[in-house]
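First the structure, in the form of structure tokens, and then the observations on it.
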Protein chains: 2
Amino acid sequence: MNQALNKTIQKPLILVTNDDGVTSKGILSLVNVAKEFGTVIVIAPDKPQSGMGHAITISHPLRLSPVDLFESVETYSCSGTPVDCVKLGVYEVLHQKPDLILSGINHGENTSTNVLYSGTMSAAVEGAMENIPSIGFSLKDFNPEADFSASQIVARKIIKKVLAEGLPDHTCLNVNIPKVRPEELKGIKWCKQAEAFWDDRFDKRFDQFGRPYYWLTGDFECTTDDIESDLYAMKNGFASIVPTQFDLTNYKALALLKKWKL
Amino acid sequence: MNQALNKTIQKPLILVTNDDGVTSKGILSLVNVAKEFGTVIVIAPDKPQSGMGHAITISHPLRLSPVDLFESVETYSCSGTPVDCVKLGVYEVLHQKPDLILSGINHGENTSTNVLYSGTMSAAVEGAMENIPSIGFSLKDFNPEADFSASQIVARKIIKKVLAEGLPDHTCLNVNIPKVRPEELKGIKWCKQAEAFWDDRFDKRFDQFGRPYYWLTGDFECTTDDIESDLYAMKNGFASIVPTQFDLTNYKALALLKKWKL
């Protein structure tokens, strides 16, 4: 067969991962949508990896085990983080860049600065570092049995568009979906990352030996009323999409600080 | 004593952390510089936490133990990540924001996209999220017995300036120091984050039961010749400083992508 023709009829290769673990309902919901668009391979953590941010595993060895979880989908369970899963996918399992990386659907939203802590989004950012079109999806519902039907509709629309159009260089998408029924969803809105922060608290307890331990808890404080922000969109019943990059340079501050004598 | 006068003669409160662990030579080198400027408190990981990025500990409890490591410095060893150390410091130990957060001195550089993986820098970014002036220091030398004397000179200059001038809102500094003797250092240069990436590889081995495991390894590929970048400064014998922020929105892409019909 003509090589070019062969290429055009080949289905896209889609790598799916998440941070809630390979057995979560969220990743099943995403795999079922991804299968409509191409050949799917799943490499996802063998345990919850929420809050792992952009962590990689370098102090102990990584394990990767084939598992039979999704119909007709090659699937691996990985002992590492979501970012490890992407690296293992590209460099060890596929030995090539997939056409698309999908991460999620996360049980819990990753709007605003939560993108920094999120394993789901860090997997997508790692994909962007490899210049592979990558999308993270998160539903504002921590329930393990959450209803992902609105999220699936949003994912379907965005995946279709990204496969057709591609994404700007070194940019992934942070998609968040409110906890609504499909018919209640107001639409999908392009946004910027809201400036909002956790007001942290530690729940101090004592173990059976009387020694203290701590659970990180707190409230997410939304003080912004920026109508362009992802938090505003979500609060008003829209799914939000933030084009997400990884250059942390503060260029405005750089121009100012260059005047310092050091 | 007059409250205002008392305030003016109070020494700055400086929280020090790192990702190599509380017993590393790098943190000792930083504590010794920090003590020249104020009252120091150390909260640092009880084990190496390199590559932990912005991870937080939410799936198991955190431990915090007082340890006696540095002369006249209140010090805690923490079971969690560098970001956990900052959160515990602000919300559980100090119950107030310190005047300055210092992270490092890391054994190994954190230029370019390494900022994403770096526990050292994520602690500084967490400080920036709290709007506390924060600086991460990293030396391009992985040796546990590395010579931190050039790094200490750089740290002294920058800490003095930051305590005097403050930093722009929600911005921390990523400082990298080349492996040189103090007299060889060419200077300190304001930079942007270089666009460079890891070419990852996995070293596949087999355990005593014949089961495979993987070590993440690879080469850091610097393809950029951008003379404004941190990698260029370091390659030419300068320490680099990048003003670092955490808004990951790609605003240029946002303007483009808003035209998509979804």
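The values are calculated or read from the model by the stated rules, or taken from the named source; none is laboratory data. Here the structure is a predicted model, which is why all the values come from computation and not from measurement. Note that we place each Cβ from the backbone using ideal geometry, even for glycine, and neighbour counts take in every protein chain shown.
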Report task. Might you check whether a residue that is under 24 Å from residue A:144 (Cβ atoms) and at pLDDT below 95 occurs anywhere in region A:51-70? Result -> no
Report task. Inspect region A:105-120 for any residue being touching a strand residue (DSSP E or B) at 6+ places or on another chain (Cβ under 7 Å) and on the phi > 0 side of the Ramachandran plot and give the result as yes or no. Result -> yes
Query raised in the report: Out of all the residues in region B:122-145, is one or more in contact with a strand residue (DSSP E or B) (Cβ under 6 Å, 6 or more places away or on another chain) and of a type in the set (D, E, K, R)?
Result: no
Query raised in the report: Where residues in region B:205-262 are small (Gly, Ala, Ser) and touching a strand residue (DSSP E or B) at 6+ places or on another chain (Cβ under 7 Å), which of them is surrounded by the fewest Cβ atoms within 10 Å (Cβ to Cβ)?
Result: B:218
Report summary line: How many residues of region A:89-110 are crowded, with 23+ Cβ neighbours inside 10 Å and within 12 Å of chain B (Cβ to nearest Cβ)? The answer is 2
Requested in this report: Return the residue satisfying two criteria in turn: it lies in region B:152-177 and is closer than 19 Å to residue B:235 by Cβ and in contact with a Ser or Thr (Cβ under 9 Å, 6 or more places away or on another chain), and of such residues it is surrounded by the fewest Cβ atoms within 10 Å (Cβ to Cβ).
Outcome: B:177
Query raised in the report: How about region B:158-196: which of its residues are among the hydrophobic types (A, V, I, L, M, F, W, C) and free of Cβ contacts under 8 Å to residues at least 24 places away in the same chain?
Result: B:164
**Report entry** Verdict on residue A:123 being closer than 22 Å to residue B:251 by Cβ and in contact with a Cys (Cβ under 8 Å, 6 or more places away or on another chain)
**Finding:** no
Report summary line: Within region B:214-262, of all residues that are small (Gly, Ala, Ser) and in contact with a helix residue (DSSP H, G or I) (Cβ under 7 Å, 6 or more places away or on another chain), the one nearest to the other protein chains (Cβ to nearest Cβ) is B:239
Query - Members of region B:44-71 found to be without any contact (Cβ under 8 Å) to a residue 12 or more places away in the chain and either more than 22 Å from residue A:205 (Cα to Cα) or among the aromatic types (Phe, Trp, Tyr) (or both), listed by number - result: B:68, B:71
Requested in this report: Six or more apart or on different chains, Cβ under 8 Å: which pairs go from a residue in region A:15-36 that's farther than 14 Å from residue A:101 by Cα to one that's among the charged types (D, E, K, R)? Could you list them?
Outcome: A:21/A:46; A:21/A:47; A:22/A:46; A:25/A:145; A:26/A:20; A:36/A:156
Query raised in the report: Among strands (runs of 3 or more DSSP E) lying entirely in region B:116-213, which contain 1 or more residues that are more than 18 Å from the chain's Cα centre (by Cα), within 10 Å of chain A (Cβ to nearest Cβ) and under 20 Å from residue A:262 (Cα atoms)?
Result: B:187-190
**Report entry** Condition met for residue A:239 (under 26 Å from residue A:122 (Cβ atoms), in a loop (DSSP other than H, G, I, E, B), in contact (Cβ under 8 Å) with a residue 60 or more places away in the chain and among the aliphatic types (A, V, I, L, M))
**Finding:** no
Query raised in the report: So which residues in region A:94-127 are of a type in the set (D, E, K, R) and over 24 Å from residue A:232 (Cα atoms), if there are any at all?
Result: A:97, A:99, A:126
Query - Candidates A:77, A:59, A:65, A:72 - the one that is more than 8 Å from chain B (Cβ to nearest Cβ), assigned to a loop (DSSP other than H, G, I, E, B) and hydroxyl-bearing (Ser, Thr, Tyr) - result: A:72
Query raised in the report: Within region B:27-56, how many residues turn out to be part of a loop (DSSP other than H, G, I, E, B) and either within 7 Å of chain A (Cβ to nearest Cβ) or among the polar types (S, T, N, Q) (or both)?
Result: 9
